[in-house]
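A quick write-up on the structure given underneath.
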Amino acid sequence: MAVTKITIPITGMTCVNCAMNIERVLKKKVPGVTGVSVNFATERAEVTFDQAITNIQTIVAAIEKAGYGAIIPIDDMEDEETAAREKEAQDQKKKFIIGLIFTLPLFIISMARDFGVIGPWGHAAWVNWLFFCLATPVQFYTGFDYYGGGWKGIINKSANMDLLVALGSSVAYFYSIILLLYPDHGHHVYFETSAVIITLIRLGKMLEAKTKGKTGGAIKRLLMLRPKTATILKDGVEREVAIAIINTGDMIVVHPGENIPVDGVVTEGASAVDESMLTGEPLPVDKKPGDRVTGGTINQEGRLIFRATAVGKDTFLSRIVKMVQDAQGSRAPIQAITDRVASVFVPAIIILAIITFILWWVMGGDFVPAMIRMVAVLVIACPCALGLATPTAIVAGTGKGAEKGILFKTGVALEQVSKSDAIVLDKTGTVTAGKPTVTSVISFDKNLSGDHILKLAASVEQGSEHPLGKAIVNEAKRRGLQLSPPALFRAHGGSGVEADIEDVKVYAGKPEWFKGHDVNIKEETASISELQEKGNTVILVGTERIKGLIALSDTIKPEAKDAVSGLKQMGLKIIMVTGDNKNTASSIALMAGIDEVISEVMPEEKANKIKELKEKGLKVGMVGDGINDAPALAQADVGIAIGTGTDIAIESADIILASGDLRGIPAAIKLSRQTMGVIKQNLFWAFFYNVALIPVAAGALYPLDFLPMFLRELHPILAALAMAMSSITVVSNSLRLYRSK
């Protein structure tokens, strides 16, 4: 099955029920769609489908048939989407202005008549007809979308916000028309009520969209880092070209002050590059020939020439943008609460509004107060705030993280890391710099020098990818030793390696590995222990017996101690896991301030250790950087990868620290906790707002004479204003995350 995942920008959604509508349509009516997640806050659909059964065009057609707009994903989708969003915003603005032009005089004259400010002419029959003429354009031009949206919900068997607005305003409008045509039944029309409801809600949706757009500011800022053009160097001639036509292998010239257009490797020149968009760190990074540069970063000082290694969607910036978009479009588990409520909320409110109308009409015997309360219930109960509570906070939280070089892959990761009880840190490349160096070489054979021992080990390690092996090879090359080619090379899972060197079988590995093969190392034990207690890792070298040893040391990262201290202050259990022996591991852990160590763990056993911790009831976060960390990262409740590590570790993780700075771990957890706090606040206010104000709109406070009349008889106009402000309040609360430290 050829499964593809695409992101489709959506237009025309007005509440979370619209998003649920689209999900239901695609799942039920488009064969081949295996997964759908529509995010109301980001207005995007994540669709997974089988290419052998369906295609993008069919999916988009289904969305449009359901009554919504969809933008087919193409290379310049950002431009297409921006144009579509701007068109939609202009349409909203135009309809609001038209509504305001007609509603303002209607409201002023109507209120002036009710308060007796104008003379007897205000009660003339023609004034009601004037109100009708002013209200009708508002009802059917400014409010047309609500009728269309409400009808979409009905045909898709899912009531939405538009239906509530359409019903509420229509009751007031058409009741007024009845009085206009049959004045014997009364003279007080409610055209101003229907017009003000629609205009206020239109204003609220405009402000909501504008405020909601700010939550996606991180994506916009990242996209702005991509220049439209670049200077390529060919046959000694510089030529400016569109970034879209750059190919891998092209030579690119970047002058001081320019954005680096694509990823590459410096071949000529030296400069300092601002990589704050990548790492969140303000200090520039020096670049020289052989160093990597990343598209979107800024060349500050000198002229650089580099060879392009990744272009288009393959650049690191494009991958970050896609990652953040995916995270912002994903659902956090806590959102399931609002989804369940929203699915039944609107039908329940319609039933409640009808019950309210019947009760007040039966009890009071007066149609008008009963109608007004029914309209107030319909208008005040729109579930927008409920639908925005979780996704806007997720968008803001992941956006803030991206600004600081903390990349959350999903909303699930953002929520899960806040629940962590224990953080497991891999040693090499995570707690330590991952660049071990040879500190000493000792020969136990009087006929062999230290260089000869180093040469034997380095010759074997040429076939190894392990950091220790590479360090031994680098030291041999630094000393100018001529290495022999290894034959029949074999690696033993992080414990040791063996190969034939000049027809002699040579072994290089950890002391424990030699013990496991019944090799007697008693004579060397004192030297091994002394070196290990000083924090060295010891590699023994032997043929038929031990010939010597090589000691290597890896310094802890400068920020490791601060990171561990920060995690401890947050009440987390910190554990370091390593394949190193207990003495070396304990020495490193002591320097970093880590109290608990799991040592002598083979790479394939790391995932089992994580599993054991989870079985004890702990929520475990695993931090690693290497290929052998990938299973453990996947096994943990939350995997956190060092961004400077291997691609497979990054792919296996849920959170990526782009800068490789360990202080990003407590920062990520703190941001996660803050985001979950904001979500809970949003949900509280969204639920509280409906629980508290729907009864008020229904007239529950009417018997309490000591309360002000606007609470005892909540007018639909005030209900519309309160509904609009509730959504803006929730979104504004989410935006506070951008100000968090």
Meets criteria (over 22 Å from residue 656 (Cβ atoms), among the small types (Gly, Ala, Ser), outside any loop (DSSP other than H, G, I, E, B) and in contact (Cβ under 8 Å) with a residue 60 or more places away in the chain) for residue 272: no
Failed criterion for residue 370 (all others in (1) of a type in the set (Gly, Ala, Ser); (2) farther than 30 Å from residue 608 by Cα; (3) surrounded by 24 or more Cβ atoms within 10 Å (Cβ to Cβ); (4) modelled with pLDDT of 85 or more hold): (3)
Candidate set from the stretch 462-487 (those that are of a type in the set (D, E, K, R) and under 24 Å from residue 556 (Cα atoms)); member that is surrounded by the most Cβ atoms within 10 Å (Cβ to Cβ): 475
Candidate set from the stretch 127-171 (those that are hydroxyl-bearing (Ser, Thr, Tyr), farther than 10 Å from residue 194 by Cα and open to solvent by 10 Å² or more (accessible area, probe 1.4 Å)); member that is nearest to the chain's Cα centre (by Cα): 158
Flag if residue 421 is among the charged types (D, E, K, R) and either modelled with pLDDT of 95 or more or out of contact with any Leu (no Cβ under 8 Å at 6 or more places or on another chain) (or both): no
Sole residue being over 16 Å from the mean Cα position of the chain (by Cα), surrounded by fewer than 23 Cβ atoms within 10 Å (Cβ to Cβ) and hydrophobic (A, V, I, L, M, F, W, C), chosen from 714, 693, 735, 662: 693
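Within the stretch 331-353, which residues are among the β-branched types (Val, Ile, Thr) and exposed (fewer than 14 other Cβ atoms within 10 Å of the Cβ)?
Once the filter is applied, which keeps residues that are among the β-branched types (Val, Ile, Thr) and exposed (fewer than 14 other Cβ atoms within 10 Å of the Cβ), the stretch 331-353 yields 344, 351.
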Some residue of the stretch 53-76 being in a helix (DSSP H, G or I), within 25 Å of residue 319 (Cβ to Cβ) and at pLDDT below 85: no
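When you scan the stretch 112-125, how many residues do you find that are within 12 Å of residue 189 (Cα to Cα) and exposed (fewer than 14 other Cβ atoms within 10 Å of the Cβ)?
3
Yes/no matrix, rows are residues, columns are (1) open to solvent by less than 70 Å² (accessible area, probe 1.4 Å); (2) more than 29 Å from residue 452 (Cα to Cα); (3) at pLDDT 85 or above; (4) not small (Gly, Ala, Ser):
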site	(1), (2), (3), (4)
535	yes, no, no, no
548	yes, no, yes, no
559	yes, yes, yes, yes
573	no, yes, yes, yes
598	yes, yes, yes, yes
618	yes, yes, yes, yes
628	yes, yes, no, yes
Pairs, first free of Cβ contacts under 8 Å to residues at least 40 places away in the same chain in the stretch 396-414, second open to solvent by less than 20 Å² (accessible area, probe 1.4 Å), C-beta under 9 Å, six or more apart: none
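How about the stretch 367-433: which helices (runs of 4 or more DSSP H) wholly inside it have at least 3 residues that are small (Gly, Ala, Ser)? Please lay out each step first, then the result.
Numbers: elements: 367-380, 384-403, 411-416.
Helices (runs of 4 or more DSSP H) meeting the threshold: 384-403.
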Filter result for residue 451 (farther than 21 Å from residue 586 by Cα, of a type outside the set (Gly, Ala, Ser) and modelled with pLDDT of 90 or more): yes
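The values are calculated or read from the model by the stated rules, or taken from the named source; none is laboratory data. Remember, it's a predicted structure, so these values are computed and weren't measured experimentally. Cβ coordinates were reconstructed from backbone atoms using ideal geometry, including for glycine residues, and neighbour counts include every protein chain displayed. Surface accessibility is based on the protein's heavy atoms, side chains included, excluding ligands, DNA and RNA. Shrake-Rupley method; radii C 1.70, N 1.55, O 1.52, S 1.80 Å.
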